[in-house]
1. With an 8 Å cut-off on Cα pairs and a minimum separation of 6 or more residues, tell me the relative contact order of the range A:321-385 in percent.
2. Which whole-number percentage describes the relative contact order of chain A, with Cα contacts under 8 Å and a sequence gap of 6 or more?
3. Could you tell me the calculated FRET efficiency between residue B:35 and residue A:40, based on Cβ-Cβ distance and R0 = 45 angstrom, to the nearest 0.05?
4. Within the range A:83-218, what is the number of lysine pairs with alpha carbons under 26 Å apart, leaving out pairs fewer than eight places apart on the same chain?
5. Explain nothing, just the number: relative contact order of the range A:18-133, from Cα pairs under 8 Å at least 6 residues apart, as a whole percent.
6. According to the square roots a ≥ b ≥ c of the eigenvalues of the Cα gyration tensor, what is the shape class of the range B:10-92, taking rounded for a/c under 1.5, prolate for a/b larger than b/c otherwise, and oblate for the remainder?
7. If you take the C-alpha gyration tensor of the range A:141-370, multiply each eigenvalue by 5 and take the square root, what semi-axes do you get, largest first, in whole Å?
8. In whole Hz, what ³J(HN,Hα) sequence does the range A:369-385 give by Karplus (6.51, -1.76, 1.60; θ = phi - 60°), x for Gly and Pro?
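Every number here is computed from the coordinates shown, using simple stated rules; none is lab data. In this text the structure is predicted, and so the values were computed from the model without any measurement. Here the Cβ positions follow ideal geometry from the backbone for every residue, glycine too, while neighbour counts run over all protein chains shown.
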Amino acid sequence: MSFLGYARADGSVGVRNYVAVISTVACANDVAFWIAQQIKGTAPFLHQGGCCQLMPDIELVTKSLSSIGRNPNVAAVLLVSLGCEGTDIERLENEISATGRPVKKVAIQKAGATVALNEGLLMAQELVSAASQIKLQEFDDSNLVIGVKCGGSDTTSGLASNPAVGAACDIVVDKGGTCIFGETTEFLGAEHILTKRAVNKEVADKILKIVDDMEKRARLSGGDMRGGNPTAGNIAGGLTSIEEKSLGAIVKSGTKPIQDVYNYGDKVKGKGLYIVDSPGREPEFLSALAAAGAQICLFSTGLGVPQGFPYMPVIKVTGNANTFERLPDHIDVLVGMTAGKGSGLKETGEKVFQEVLKVASGKQTKAEILNYGNFPGLYTLGPIV
Amino acid sequence: MKHMETREDAVVLHEKDNVATALADLESGKNVNIDIGGKTVTVTLSAKIPFGHKFSLVHIENGAPVIKYGEAIGNASEEINAGDYVHVHNVASMRGSTGREGGAE
């Protein structure tokens with residue numbers, strides 16, 4: 001099997017070919033959004049970070065934006081800067097252009113937003129013109145980098161869509177590709193399953209550490225994750241404990257060995273299954289997958305959710321037939337109940353994998369067609385000051 | 001084994017499991033036939049089980065693990081008989097309380 005994609009100078013393969021208009025700080029979002037609204041072939045990356053944050057968070061913003069600018073689906077980058085932000089613009093320019101991607105920059109404080117807009121529009125136009133000349137080529141399935149996520153979960157998530165996405169994940173890994181999952185919060189109570197799947201003790205220890213750190217951060221803020229999880233809605237839906245919720249959630253990562261654990265904003269290198277330490281909320285987590293280098297996100301849902309990402313197609317998979325019928329504008333794939341049934345699961349995994357190949361070769365997801373998902377976010381560890 | 005998607009009343013996710021998950025709202029007193037790895041097990045329900053909720057397949061001692069996905073999801077906080085409704089009222093999480101009592105009954 002194979003798919004049609006775009007070769008990048010750094011060896012990665014894009015399934016989309018966008019000029020990313022990246023806002024480097026919260027105050028530059030509007031200009032970035034204006035440019036992306038006007039110029040076909042661009043996609044914005046907007047967020048609330050880059051200023052008045054503690055140094056570890058400023059570093060996290062710079063690192064994440066650099067990784068996001070190097071996502072395989074990005075052909076070139078236009079940075080939209082304010083001028084006085086904490087984000088390290090020079091490092092962004094250097095790291096992104098080192099991958100062979102053209103990088104241009106406008107700064108609002110130089111002569112105002114209207115001038116930055118005018119300059120940015122022209123730059124974006126030039127970058128799109130160059131990017132549009134990159135030809136589609138056929139690539140082997142081993143070039144796939146797929147992120148997985150679940151959200152808006154209900155009982156069908158653990159019974160149908162998570163097993164289906166997990167089975168598709170296993171196929172991607174068997175084909176020599178890469179799969180990435182995260183949402184550390186939902187490892188709680190299932191760590192022992194994940195550590196058993198770690199390739200060695202070092203990776204197992206990293207898994208335990210990220211869960212422990214996430215719990216500590218929650219407690220420092222005066223909360224206990226376990227107190228609010230499972231939620232009242234989860235309990236009403238039949239989930240009894242955090243263990244049960246987590247076991248159902250990690251099913252979406254399939255069954256393959258876990259090769260390594262990366263930090264939020266890191267770019268994943270290598271083949272097989274990886275973890276990115278991350279929160280479960282969509283805006284921040286989808287950004288973590290894009291930063292990690294995912295071309296596509298497989299998103300398992302029960303209740304149905306609309307989120308996409310500006311230049312990473314998000315495929316919604318549900319096992320809830322009512323949701324599929326109620327939300328035709330959001331859900332891409334309906335799968336049957338396969339939990340606990342060996343052969344049915346394999347077929348369902350194959351169905352999801354075929355959708356991945358179609359989307360990789362250009363089929364538009366519901367979120368892409370709707371242009372839903374223009375307001376992602378970046379994770380922060382500390383306060384806004 | 002058939003794969004008629006939602007025709008069955010309940011599903012057991014792993015052969016080690018001592019609970020099943022209802023695939024429909026099931027009435028109290030109903031005899032439920034469940035396919036576990038090719039063998040059919042019959043359990044009589046002692047309570048109404050809503051869709052997505054669990055019931056016990058066997059007798060579970062107070063303090064013994066409640067198993068789903070082949071793994072413990074908590075310990076029984078009282079004696080549970082085959083066919084009993086299994087939820088927050090008779091299962092205690094090993095990873096901290098849910099912070100709530102009762103739940104859907």
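1. 30
2. The value is 23 percent.
3. 0.25
4. Within the range A:83-218, the lysine pair count is 17.
5. Value for the range A:18-133: 33 percent.
6. Oblate shape, in that a/c is at least 1.5 and b/c is the bigger or equal ratio.
7. 24, 21, 17
8. 5, 6, 6, 9, x, 7, 10, x, x, 10, 5, 10, 8, x, x, 7, 10
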